[in-house]
Amino acid sequence: MSLTLNNIVSSLQRSGTFINSLIAVLTIGGQQLFSSFTFRCPCQVGKNFYYGSAFLVIPALILLIAGYALRNQMWTITSEYCCSCVPRGRNISPLERSLACLRIFSITGRALVAPLTWLAVTLLKGNYYECAASEFASVDHYPEFQNVTASKREEILAGFPCDRSTPSNVILVRDEVALQHRYQSQMLGWILITLATIATVVSCCLARCCSPLTSLQHYYWTNHLHNERELFEQAAKEHSRLLIGQRIKKLFGFCPGSEDVKHIRIPSSQDW
Amino acid sequence: MSLTLNNIVSSLQRSGTFINSLIAVLTIGGQQLFSSFTFRCPCQVGKNFYYGSAFLVIPALILLIAGYALRNQMWTITSEYCCSCVPRGRNISPLERSLACLRIFSITGRALVAPLTWLAVTLLKGNYYECAASEFASVDHYPEFQNVTASKREEILAGFPCDRSTPSNVILVRDEVALQHRYQSQMLGWILITLATIATVVSCCLARCCSPLTSLQHYYWTNHLHNERELFEQAAKEHSRLLIGQRIKKLFGFCPGSEDVKHIRIPSSQDW
Amino acid sequence: MSLTLNNIVSSLQRSGTFINSLIAVLTIGGQQLFSSFTFRCPCQVGKNFYYGSAFLVIPALILLIAGYALRNQMWTITSEYCCSCVPRGRNISPLERSLACLRIFSITGRALVAPLTWLAVTLLKGNYYECAASEFASVDHYPEFQNVTASKREEILAGFPCDRSTPSNVILVRDEVALQHRYQSQMLGWILITLATIATVVSCCLARCCSPLTSLQHYYWTNHLHNERELFEQAAKEHSRLLIGQRIKKLFGFCPGSEDVKHIRIPSSQDW
């Protein structure tokens, strides 16, 4: 039973779907939590747009940058292939170069999951867009706005996202404008989701078809990179401990953790 | 007891019914959750149809694409048999080709479970269809709509899915139109379910009858594919670890995990 | 205590009663849930019958087909004895043929549990039948319907299942018609249950009496089928692992799990 579960979990992890789903779910949860605590539209002329846009765009940008920065591989590839200030002694073959492109491509895909989820969820929910777009609603054709001065009208429009401060005769207009903005926001969300899906499918197909590796080779290569990293880290750790152990033995006359403490010595000031 | 449970679970997993049911149940739950949070019909002329259709069709399309993309097998088969940009050194026998068709067929079946469930549930529930079809209701025969201008009539029809803004004399008409749309939506849902069931049965019969394999051969072949994958992964892992071990030994002078650390060396900057 | 429980559970499983009861209970629960959410009679001329019939018959048909399709044994028997496109090299003896009939018979019994439960529950509940039959009620003998045109009468009859839109002078007639339909529906339900019970008893008796096997032979035969399956699966697994092991040895130069890693080789791109 637990073996079957293990198999399912490990196959999920390997295919990358599991991690992408986890990122998306965490983003959705974070968005709900964040939005319910902090978002309150200012409802003042000239501020709604900046407030709503900031909540829409800035978290998405931060998630994008974080998505890139959190991947160590990105740094490795960048410093290996792009930085010209690192001296290098070996040439890069075309196969290596196209494999590096494939990896940058895959990292970009992973980094885009969180910001696109943020944008899609906020647009489908609609309250950020409603706040940002409230001042730009076209209400010329409503009789309630015929004999209202421009500044008063702006004020009423800015007050739409909040329940307070709306004159009682424009409550019906407010409801209609709210439905209209929600419609625009959700349609934008659907368009974004559709475009992202199409882009994902097309790029995946291209990557698979024009990859220099067959499917089995691709599996072997991914696994190989993982093992290389792991074994190198293990070897580097042991190597460095051995070297330091030798140096400490020279200084103090014994190794930390060993039982053999006969040749203990007090280091002279020269040794330091 | 636990052995019996194991047997039941493993036989469910093998037959694919368990996974299909899980996908269907998750889709239904997600639809209920999603619909209650985000769906609010705009009730404005010219927008209802696009809004309702977007909520009906786009999630189904995305679920379909996700169903295909999540299956790694799909990529393997596609790149092995369809991509012409991959050079290959071996010929494909007719048996192999028809087995690949069988697998594509089975993957398509699995990928269609979620979108069809989405469509069936939303059509049986009926509120998306009600919103999308509200503007196209035929109300010529009602006396309430005799002396109403065309634009005013469109406006009233678009406002039907929302409770607000309906004149009191057409409330009965609204209820009848709502029942009519719900009838159409649910009948479409039943027709979809019936067609899907018939298609499933017919295609399963065809696949079984005209398969180049008997039932026992089919079992052996599925099992063989699974074992092939498993043993290849195991071999690839060991092979890559051995290769990397040799390279690390060249660099540091010892293998990680081995006791033999006599020939430890400090790598020069040339080695990196 | 737990041993007794185990015995009870395993004997329930063996007799098939446990699974049949589970299917019936799940069907009843699903029907209640489904009906309360989605069923709303359209109450319009010419639609009631199709709507009510669709809700009565289509789920039963789908449950029947699902019941057949979910049983793997069905496919095995069908493809072994019925498909003429499979070439076969052995003749089928009369005993084998009658044993196959016995198994098809038992699978049919299991597949009929869910649809019959659905039909019985919906008929005993009566609201689907009430909707479907509303237009066909005979109301010629009521004085309220003497001087009413045929089209108006159809409209009133179609509106009976809904509470709204019934003229106040025919409310008593509506209640009488509703009671009549509920009577018809529930009597049909009882007749169905009685016939199903009699059919089950008679067919079980016939199957046992006219079976080519005695009771002990039947036990031996069931056990034999189970063992055949089990041993075949075990042999197929070992056979396929041996074959794949040879192929991997050719590619990588060693077998996974073996200690002999002297002849390790790096596969060229031709090998993949």
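Computed values, structure above
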| item | result |
| --- | --- |
| Nearest-first distances (nm) between copies at B:PHE105, label 7 Å from Cα via Cβ | 3.2, 3.3 |
| Nm distances between copies for C:THR4, ranked from closest, using label points 7 Å along Cα→Cβ | 1.6, 3.0 |
| As computed over the range C:117-220, the Cα convex hull volume per residue (Å³) | 124 Å³ |
| Exam field: A:TYR50 pseudo-label spacings to other copies (7 Å along Cα-Cβ), nanometres | 3.1, 6.0 |
| For the range A:192-210 versus the range A:120-163, the gap between their alpha-carbon centres in whole angstrom | 37 Å |
| Highest average packing first - C:32-41, A:182-191, A:227-236, A:146-155, Cβ atoms within 10 Å | A:182-191, A:227-236, C:32-41, A:146-155 |
| Per-residue mean of C-beta atoms belonging to partner chains within 10 Å, peptide C:237-247 | 4 |
| Shielding of A:45-54 by partner chains, average beta-carbon count, 10 Å | 0 |
| Summed side-chain charge close to A:ASN48 - residues other than A:ASN48 whose Cβ falls under 11 Å, Lys, Arg +1, Asp, Glu -1 | -2 |
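Read-outs throughout are calculated quantities, based only on the coordinates presented, and are distinct from any laboratory measurement. Keep in mind that this is a model prediction, so the values were computed, not measured. Cβ atoms come from the backbone with ideal geometry, glycine included; neighbour counts cover every protein chain shown.
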